[in-house]
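Read-outs throughout are calculated quantities, based only on the coordinates presented, and are distinct from any laboratory measurement. As the structure is a prediction and not an experimental result, all values here were calculated from the model. Backbone-built Cβ (ideal geometry, glycine too); neighbour counts: all protein chains shown.
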Amino acid sequence: MANGSCKVVAIEHITLDGVYQSPARPDEDARDGFKYGGWSIAGNDPQMQTVIGKYMGDGWSLLVGRTTYEGIYEGWSVRQPSSPMTQALTSVQKFVASHDPNYKLAWENSTLLAGDAAQAVARLKKEHDKTLIIFGSGVLVRSLMQNSLVDELVLMIHPLVLGEGYRLFDGASFAKPRLTDNIVTHSGVIIGTYQL
């Protein structure tokens, strides 16, 4: 387990070939011409919400990169402003990693972590007293894993091979995560929980 007074848990939808890009909506993240946006929708299952809900109880904060922050804000605050998920995401403390020190945060209860994300998160882990949950934010997660700052990975592995898109473990160093829990949903998604 990484050092620090709070834990970092990354919750990721990925394909069998490791793609994390644009799982939720067709227009979520089309960088580099990615054309398979929304690929996780077919695998959606109530068991996923149960797993995520377990982490969204009391005592958590949201840690995200800028692209995911904008996507979550657009998807929940703008498109679904009255849902329980929106209320939870609006009220929780949000830490947003961005290299731009002038980045304007659109959502209440948001704090900018400007500059080097790994350094900022290392400081935050020492100072913060709640579990830091990451949704998506693959670039941020890769950076944090390279600096041993992620304590737990919850991978929702969809039975798809896309053959293109940003992959979670590109550039990763050797690691041997320990499987601590696994669930297979009715839609064939494997939810694996790993300690790093």
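Points to keep in mind about this one:
- Fewest-first ordering of GLU164, GLU70 by other beta carbons within 10 Å of each residue's beta carbon gives GLU164, GLU70.
- Karplus-derived 3J(HN,Hα), 6.51/-1.76/1.60, for each residue of the stretch 27-40, Hz, glycine and proline x: 9, 5, 7, 9, 3, 6, x, 4, 10, 10, x, x, 5, 7
- Placing a pseudo-label 7 Å from each Cα along the Cα-to-Cβ vector at ARG25 and ALA175 gives an inter-label distance of 2.8 nm.
- Normalised by the number of residues in the chain, the mean separation of alpha-carbon contacts (under 8 Å, six or more apart) gives a relative contact order of 34 percent.
- Summarising the amide proton neighbourhood of ILE134: residues at separation of 5 or more, or on other chains, whose placed amide H is nearer than 5 Å comprise VAL9, ALA10, ILE11, LEU63.
- A cut-off under 13 angstrom between Cβ atoms defines the neighbours of LEU168, and their net charge, with Lys, Arg +1 and Asp, Glu -1, is -1.
- When the chain is treated as a Gaussian network with alpha carbon springs shorter than 10 Å, the biggest mean-square fluctuation among LEU113, LEU155, LEU16 belongs to LEU16.
- Dividing the summed -39500 (n - 2.57) terms of all DSSP H runs of n ≥ 4 by the residue count of the chain sets its mean residue ellipticity at 222 nm at -6500 deg cm²/dmol.
- Distance from the alpha carbon centroid of the stretch 129-162 to that of the stretch 99-126 works out to 17 angstrom.
- Cα pair distances in the stretch 53-108, grouped into 5 Å bins until the bin that holds the longest one, percent each: 4, 19, 29, 25, 16, 5, 2
- Put in line by how crowded their Cβ is, counting other Cβ atoms within 10 Å and starting with the fewest, THR193, THR50 read THR50, THR193.
- Global geometry of the stretch 1-55, whether rounded, prolate or oblate, following the gyration tensor of its Cα atoms and the 1.5 cut on a/c: oblate
- Charge context of GLN195, other residues only, Cβ under 13 angstrom, K/R +1, D/E -1: 0
- Candidates VAL78, VAL154, VAL139, ranked by Gaussian network fluctuation over the chain, Cα under 10 Å, top entry: VAL78
- Sequence-distant aspartates and glutamates (8 or more away, or on other chains) whose Cα lies within less than 14 Å of LYS130: ASP58, ASP151
- Taking Cα centre as origin and charging only the Cβ of basic (Lys, Arg, +1) and acidic (Asp, Glu, -1) residues, the dipole magnitude of the chain rounds to 300 debye.
- Of LEU105, GLY43, VAL161, farthest towards positive along the dipole that unit charges on Lys, Arg, Asp, Glu beta carbons give the stretch 8-195: LEU105
- For the pair ASN102 and GLN47, label points projected 7 Å from Cα toward Cβ lie 4.9 nm apart.
- Modelled label reach - ASP116, point 7 Å along Cα→Cβ, the stretch 127-149 residues with backbone N closer than 15 Å: 143-149
- DSSP bridge pairs, the stretch 8-195: antiparallel proportion in percent, nearest 5: 35 percent
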